[in-house]
Amino acid sequence: MKENSKKLLHRFRMIGLAEGISFLILLLIAMPLKYLYNIPEAVKVFGWVHGALFVSFIYFAFEVMGTFKKSFGWFMIAFVAAFVPLGTFVFDRQLKKDEALLNTESVS
């Protein structure tokens, strides 16, 4: 069970980082391409990628909340982090600490 929990948390962190990167690409590259250079395909492609990663992030946040007995407030912070540029990177700091704590507990 503990190994599955560690994998779940690690997967959630990686999806969060990918979601944050896709959000920045959408905002800083795709949107300017669409509105400044009239290339709407960039938003279409990265919009889909970001949307899929966003849904995955929320799904995994829900899974982590249940597995680690996190509060609904924690879930809401994760949810809001996905809407704020750089939010998932800031949120990842705590997740990284949680993951390190799990790794030290398994060594003991």
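What follows draws every value from the coordinates through simple rules; no lab data is involved. Just so it is clear, the model here is predicted, and its values are computed rather than measured. All Cβ positions, glycine included, derive from the backbone under ideal geometry; neighbour counts span all protein chains shown.
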Exercise. Enumerate the calculated ³J(HN,Hα) couplings along the range 5-12 in order (Karplus 6.51 cos²θ - 1.76 cosθ + 1.60, θ = phi - 60°), each rounded to whole Hz, writing x wherever the residue is Gly or Pro.
Key: 5, 5, 5, 4, 5, 5, 4, 4
Quiz item: I39's amide H: which non-local residues (gap 5+, or another chain) put their own amide H closer than 5 Å, with H modeled 1.01 Å from N in plane and none for Pro or chain starts?
Solution: K34
Self-check item: In Hz, Karplus ³J(HN,Hα) per residue of the range 27-36 (6.51, -1.76, 1.60; θ = phi - 60°; x = Gly, Pro)
Solution: 6, 9, 10, 5, 5, x, 4, 5, 8, 9
Self-check item: Kirkwood hydrodynamic radius of the chain, from inverse mean 1/r over distinct Cα pairs, in Å
Solution: 14.7
Exercise. Which order do the peptides 84-93, 10-19 take when ranked by the mean count of other beta-carbon atoms within 10 Å per residue, highest first?
Key: 10-19, 84-93
Quiz prompt | Non-local Lys pairs in the range 2-102, i.e. 8 or more apart or on different chains, that have alpha carbons under 21 Å apart | solution = 17
